[in-house]
Amino acid sequence: MARPISRIERGTPMTLLYFIVAVLALAVIVMMFIIFALARQIGILFERISPVGAMVNDSGPKIGELAPVFNLPSLTGGQVQIGSAAARSKLVFFLSPSCPVCKKLIPAIKAIQQDERQWLDITLASDGDESRHRQFITDAQLTGLSYVLSEQLGVTYKVARLPFAVLIDSAGVVRAKGLVNTREQLESLFNAVETGFASVQDFNGRQLAHSQSL
């Protein structure tokens, strides 16, 4: 005759199962705290790392030289002077309706126009089919910015990749230029006016030259 299973023996598997579930739940909670701590540290690290400046293109008009003068009609109305002396500096932002990064930077361009309007004018520049660009202006709500079409303008500045930006000061001198993929890279061009260095690369190069001369 088989021995009846005691109440203690019947409860042993369930007790073990509860113990395993509790251990797993505790492990998940610990992992969540670790992930949260790592995410926080990564955020702090990004805040401490200085953003890399615009990637400078050495071809075309050199930094420190007078910019070639262009007088172009704007698709949003009026004429646009690029390169001549003016009351404010000018940022020429080369873009395309088919460029995803360009579209991503449009809100930043609009914000910069508003924030820096006392010393800076912004002109959007491209080339190609005019009707396509007019539709892009409407879709992206760019009527508040001057928008020029000129293949020669892009050729002059040797624009090979987009988005590309050129900063020209009020005297008509090229102060900074380069490929810009983020708002931080775009705003780094303004450091040329504030610090006298055309780019982060220019600053590092002068620092290296200075240390070698000592």
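Values quoted throughout were computed directly from the atomic coordinates according to the rules given, and no laboratory measurement underlies them. Given the structure is predicted, the values throughout are model-derived calculations rather than measurements. Glycine gets a Cβ as well: all are built from the backbone with ideal geometry, and neighbour counts include every protein chain shown.
General observations
- Cα gyration tensor category, rounded, prolate or oblate, for the stretch 70-213 with a/c compared to 1.5: prolate
- Shown for Glu65, Glu187: other C-beta atoms within 10 Å of each C-beta, ranked fewest to most, produce the order Glu65, Glu187.
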